[in-house]
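Engineer: Next up is a structure, given as structure tokens.
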Amino acid sequence: MEVIVWIVKWAVGPVVAAIVTIVVREPLKERLAPLVLRFGSKKEDGIAGLWETRFWHGVPETEYVEVIEVSLLLGSYVGRIVPHPLNQGAAKRVADQRPIRVRGSVLNNRHFRGEWLHPERRSHYRGAFDLIIRQNNDRLQGMWLGYSESQNVIQAGRWEWRRLLNGGDVISREDCNVDSLS
């Protein structure tokens, strides 16, 4: 008798658990989704717009600044470097060509993630990124990860974005509460 109980417990238990998971998962997901989305971006306009972006690269870490204009294109966000006095390095040299810098998607109004490309076409340096969207939708913070074919090395670093106002001015530190994000 104990053998039969043991077989039933080990054979039927996982089957019942799988059935319960399938039956309960969708209704539970539907109930939890609104709660989870409340913690995402509070604005409905997404991340489209003009951004001052800062990333850190190399040893010792060097800060680079680029201005990227993000737009929604066929369901994906595409960011292009645009001419701006804040641009540094390669971004400054190629801004007139408006090269694609990032393309990705927004997940649950909380994460912007996707692929980044080096702004210079001849470079074979590209990678992935994952940025958290702050609730007031004026800052993104996260990490980039990239592979350099020429150096045969994988590198990573911080990447921070701050929304620019219509005139191109950076939102003030008080407006975006930068100190509370550290």
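Engineer: For the subset of segment 49-87 comprising residues that are in contact (Cβ under 8 Å) with a residue 12 or more places away in the chain and of a type in the set (S, T, N, Q), which member is nearest to VAL153 (Cα to Cα)?
Structural biologist: The extreme case among them is THR53.
Engineer: Show the residue pairs meeting these rules: Cβ distance below 6 Å; 6+ apart or different chains; first residue within segment 112-135 and touching a residue at least 60 places away in the same chain (Cβ under 8 Å) and assigned by TED's automatic domain parsing to the domain that holds LYS92; second residue outside any strand (DSSP E or B) and of a type in the set (A, V, I, L, M, F, W, C).
Structural biologist: What qualifies is PHE112/ILE47.
Engineer: Provide a single number: the residues in segment 49-72 that are in a strand (DSSP E or B) and either at pLDDT below 90 or touching a Leu at 6+ places or on another chain (Cβ under 7 Å) (or both).
Structural biologist: Matching residues across segment 49-72 total 7.
Engineer: What number of residues within segment 80-89 are buried (at least 17 other Cβ atoms within 10 Å of the Cβ) and either out of contact with any strand residue (DSSP E or B) (no Cβ under 7 Å at 6 or more places or on another chain) or not in a strand (DSSP E or B) (or both)?
Structural biologist: Total meeting the criteria: 3.
Engineer: Do we find that ARG93 is without any contact (Cβ under 8 Å) to a residue 60 or more places away in the chain, of a type in the set (Lys, Arg) and part of a strand (DSSP E or B) in this structure?
Structural biologist: Here the answer is no, as ARG93 does not meet what is asked.
Engineer: How many residues are surrounded by fewer than 17 Cβ atoms within 10 Å (Cβ to Cβ) and of a type in the set (Val, Ile, Thr) if we restrict to segment 90-120?
Structural biologist: Summing the residues that are surrounded by fewer than 17 Cβ atoms within 10 Å (Cβ to Cβ) and of a type in the set (Val, Ile, Thr) in segment 90-120 gives 1.
Engineer: Quick one: is ARG126 surrounded by fewer than 15 Cβ atoms within 10 Å (Cβ to Cβ), basic (Lys, Arg) and assigned to a loop (DSSP other than H, G, I, E, B)?
Structural biologist: No, not satisfied.
Engineer: Another question, then. Residues of segment 55-79 being surrounded by fewer than 17 Cβ atoms within 10 Å (Cβ to Cβ) and more than 21 Å from ARG93 (Cβ to Cβ), which ones?
Structural biologist: VAL59, PRO60, GLU61, SER71, LEU72, LEU73, LEU74, GLY75, SER76 - these are the residues of segment 55-79 that are surrounded by fewer than 17 Cβ atoms within 10 Å (Cβ to Cβ) and more than 21 Å from ARG93 (Cβ to Cβ).
The values are calculated or read from the model by the stated rules, or taken from the named source; none is laboratory data. Quick caveat, the model's predicted, so the values are computed rather than measured. With ideal geometry, Cβ positions are generated from the backbone for all residues, glycine too; neighbour counts draw on all protein chains shown.
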